[in-house]
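J.: The structure under discussion is supplied below as C-alpha cells; questions concerning it will follow.
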Amino acid sequence: MANAERIAGLDSHSLIIDNNGFGFPCDEQICVTARLSSLRKRKELVKEIRVQYDILHFNFGTSVIDLRRFGINLRDLKMYEGFCKVVVSFNGSDLRNWDHRKVNPNTPYRSDHTVSGFLKDRLKRYRAKIWMRHVSHAFVSTPDLLQFLPEEKCSYLPGVKENVRNISPVLYDEHAEPFRIVHAPSNRKLKGTQVLVDAVKSLQRDGVPVELLLVEGVTNREAIELYKKAHLIVDQLLIGWYGGFAIESLALGKPVMAYINDDTLARVDAEMRKDVVDTFVSTEPARVKDDLLKAIGNRSSLAEKAGKGPEFVSTWHCPDKAIRPVIEIYESILNSGSMR
C-alpha cells in the first residue's frame with residue numbers, strides 16, 4: 001500500500017516490526033522480539049514515529065506495543081494522541097468472533113465451549129473497543145467484517161495487493177492431465193482445508209484423475225510459481241469470501257473456486273456483486289465434491305472464468321485504484337481538526 005500511496009503523491013513508508021514469514025516487500029524491517037524485554041525498544045519506536053508522520057496506518061489489528069501473551073494490548077494507541085492520526089486495517093481473524101455465525105452458518109469462528117475459546121473471543125471484542133476509542137478510521141478487507149465495527153467509523157476496502165503489478169496472466173491449458181487443484185492455506189482450520197482434502201480423496205477413490213497441491217511454508221514469490229501449475233485454484237471454503245491468495249491467482253488468469261456467502265455478497269455495491277458472481281466458481285462446504293466434479297467435466301467454462309480474472313483484479317484490487325478511497329479518508333481526518 002505504501003508504494004501505491006507514493007505513486008499517488010504521498011510521502012509514505014512501510015515498516016514491519018515482527019516476522020515477515022511470507023517475504024512481502026517493505027521499506028524497512030526492524031527485528032523486535034515479542035518479549036517483555038522489547039518494551040523499551042518499542043516505546044522508543046513509538047516516540048520516533050509519532051512525530052515523524054501525520055498518519056500511522058496499522059495493519060491486522062496490531063500496533064507497536066502489543067504483546068497479547070503478556071496481557072499488553074495496544075498500549076501505544078493513547079500515546080499518539082496530540083501527535084498524529086491513527087488508522088487501522090482489519091483482515092479477518094483479528095476481528096471475527098462468534099457473532100459471525102449469525103450471518104454465516106459455515107463459519108469456522110464458532111463457540112468451542114471451552115474457557116480458552118471464550119477468553120479468545122472476549123479478547124477480540126475488547127481489542128476492537130480499544131481501537132474504536134483511539135482510531136480515526138478503520139478499514140476492513142472483507143465485507144463481513146463490517147458487522148463487528150460501528151458503521152460511522154469503518155468502511156470496506158477491497159484487498160490492496162501491491163504485487164499484482166508484477167503478475168502477468170499465464171496461458172491456461174485446459175487439456176493437460178491430470179487435473180491439478182492448488183490450495184494455499186495460511187490456516188487450515190479457518191480456510192476449510194480438510195473439506196477440500198476429503199472431497200479430492202473421495203474423487204480419487206472414484207477413479208477421477210485429479211491431484212491436490214497444498215502450498216505451505218514457502219515465500220510469496222515461490223507460492224506464485226506453484227499457483228501457475230493449477231487448473232483450478234480453491235480458496236476459502238468456510239469464511240464466505242475470498243482472500244489475497246485468490247486475488248493473486250485471478251491476476252495469473254486462473255479460475256478460482258470459493259465459498260461466497262450471500263449475506264457478505266449483499267454488503268458490496270451492485271457492480272462488484274455482479275463481477276464476483278461472474279468471476280468466481282461458487283461452492284459451499286456441503287457440495288465441494290460435486291462442484292469439483294462439475295468443474296473437471298466442464299473445463300471450457302473454467303477457461304472462460306480464467307479469462308475474467310485479470311480484469312476483475314484490475315477493477316477491484318489494482319493498487320492505484322484501490323488506494324483512492326484511502327487517500328480520501330486520510331484527507332478527511334487530517335482536515336477534521338481533532339488529533340485522534
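J.: Only one of these is under 27 Å from D275 (Cα atoms), in contact with a strand residue (DSSP E or B) (Cβ under 7 Å, 6 or more places away or on another chain) and open to solvent by less than 80 Å² (accessible area, probe 1.4 Å): I224, I167, I233, I239. Name it.
T.: I233
J.: Among the residues of the stretch 172-189, which ones are within 13 Å of A258 (Cα to Cα) and outside any strand (DSSP E or B)?
T.: A184, P185
J.: Identify, from the list V218, V195, the residue that is part of a loop (DSSP other than H, G, I, E, B) and open to solvent by 20 Å² or more (accessible area, probe 1.4 Å). Please lay out each step first, then the result.
T.: Details: V195 fails: part of a loop (DSSP other than H, G, I, E, B).
Just a single option satisfies the conditions, and that option is V218.
J.: Of all the strands (runs of 3 or more DSSP E) wholly in the stretch 226-285, which have at least 2 residues that are not aliphatic (A, V, I, L, M)?
T.: 281-283
J.: Determine which member of the set V103, V46 is open to solvent by less than 50 Å² (accessible area, probe 1.4 Å) and modelled with pLDDT of 95 or more.
T.: Only one candidate passes the filter, namely V46.
J.: Can you tell me which residues in the stretch 249-304 are of a type in the set (D, E, K, R), out of contact with any strand residue (DSSP E or B) (no Cβ under 6 Å at 6 or more places or on another chain) and touching a residue at least 40 places away in the same chain (Cβ under 8 Å)?
T.: Across the stretch 249-304, the qualifying residues are D263, R267, D275, K289, R299.
J.: State which residue pairs qualify: first residue among the aliphatic types (A, V, I, L, M) and at pLDDT below 85 and inside the stretch 22-41, second residue open to solvent by 80 Å² or more (accessible area, probe 1.4 Å) and in a loop (DSSP other than H, G, I, E, B) in any location, beta carbons under 8 Å apart, and separation of 6 or more residues or different chains.
T.: Note: pairs meeting the criteria are V32/D18; A34/D18.
J.: Another question, if that's okay. Mind telling me which of the residues I323, I327 ends up being within 30 Å of R133 (Cα to Cα) and over 19 Å from the mean Cα position of the chain (by Cα)?
T.: Unique residue meeting the criteria: I327.
J.: Among the numbered criteria (1) closer than 17 Å to H134 by Cα; (2) touching a residue at least 24 places away in the same chain (Cβ under 8 Å), which single criterion is violated by D66?
T.: In the conditions (1) closer than 17 Å to H134 by Cα; (2) touching a residue at least 24 places away in the same chain (Cβ under 8 Å), D66 misses (2) alone.
J.: Continuing with this model, one more query. In the stretch 24-33, how many residues are in a loop (DSSP other than H, G, I, E, B) and open to solvent by 50 Å² or more (accessible area, probe 1.4 Å)?
T.: Looking only at that region, the number is 5.
J.: Would you mind finding the one in T264, T279 that is out of contact with any Ser or Thr (no Cβ under 9 Å at 6 or more places or on another chain), hydroxyl-bearing (S, T, Y) and open to solvent by less than 60 Å² (accessible area, probe 1.4 Å)?
T.: T279
J.: Mind telling me which of the residues S89, S155 ends up being in a strand (DSSP E or B), surrounded by 17 or more Cβ atoms within 10 Å (Cβ to Cβ) and under 20 Å from the mean Cα position of the chain (by Cα)?
T.: S89
J.: Among the numbered conditions (1) in contact with a Lys or Arg (Cβ under 8 Å, 6 or more places away or on another chain); (2) in a helix (DSSP H, G or I); (3) within 28 Å of P319 (Cβ to Cβ), tell me where A128 comes up short.
T.: Single failed check for A128: (1).
The values are calculated or read from the model by the stated rules, or taken from the named source; none is laboratory data. Keep in mind that what you see is a predicted model, and the values were worked out from it rather than measured. Positions of Cβ are generated from backbone atoms using ideal geometry, with glycine treated the same way; all protein chains shown enter the neighbour counts. Remember, those area values only see protein heavy atoms, side chains included, never the ligands or the DNA or RNA. Shrake-Rupley method; radii C 1.70, N 1.55, O 1.52, S 1.80 Å.
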